[in-house]
Amino acid sequence: MTNNEPIVIERVLNAPVERIWKALTHQKDMKKWYFDIAEFKPEIGFEFEFKGGNEDRIYIHHCKITELVVNRRLKYSWRYEGYDGISFVTFELFDENGGKTRLKLTHEGIETFPNLPDFAKHNFLQGWTHIIGKSLPEFLESQTA
């Protein structure tokens, strides 16, 4: 993976498209598997923010929804307060047989962020792998119990 290539992660999840869409777009659900976002509305142009980081530093993330197709596609900008650069996160949903859904996450533009250890591409890859591969599936499983 070169520095300018986007991160792309695909997983087949054991839930229908509508349930995953709800997890991606409802603030109370997002808090359980993603980040604690104070307010979220699935509307083009809606701006939201959340805090994230590590033990040493917390970053304020500023995001703005740029594309939205209900039950299919959600895209938003992702930048950091006080730092140059802008990236874009896209969630795409594809209906699979048997009530399953293929989720494709793309995070592009990471190379526009400052060359700092916290903004290294491998950190984003590790984070998204955990979120899409562990946090979201565990949340979805807990909803069926």
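Could you list, in their original order, any pairs among Lys41/Lys121; Lys22/Lys75; Lys28/Lys134 whose Cα atoms are separated by more than 25 Å? Please list the in-between numbers first.
On the way: Lys41/Lys121 28 Å; Lys22/Lys75 15 Å; Lys28/Lys134 18 Å.
Where the Cα-Cα span goes over 25 Å, the pairs concerned are Lys41/Lys121.
Hey, rough spin-label estimate for Gln126 and Glu18, points 7 angstrom out along Cα→Cβ, what's it come to in nanometres? Modelled inter-label distance: 3.9 nm.
The local environment of Asn123, defined by Cβ-Cβ distances under 14 Å, has a net charge of -2 under the rule Lys, Arg +1 and Asp, Glu -1.
Counting neighbouring Cβ atoms within 10 Å and putting the fewest first, the residues His122, His61 line up as His122, His61.
Which value, in debye to the nearest 20, describes the size of the charge dipole of the stretch 7-144 about its Cα centre when Lys and Arg Cβ atoms bear +1, Asp and Glu Cβ atoms bear -1, and nothing else is charged?
Details: 19 positive and 21 negative charges, 78 e Å.
Around 380 debye, computed over the stretch 7-144.
A short reminder: the numbers here are calculations on the coordinates, not readings from a lab. Model, not experiment: these values are computed from the prediction. All Cβ positions, even for glycine, are placed from backbone atoms using ideal geometry, and neighbour counts span all protein chains on display.
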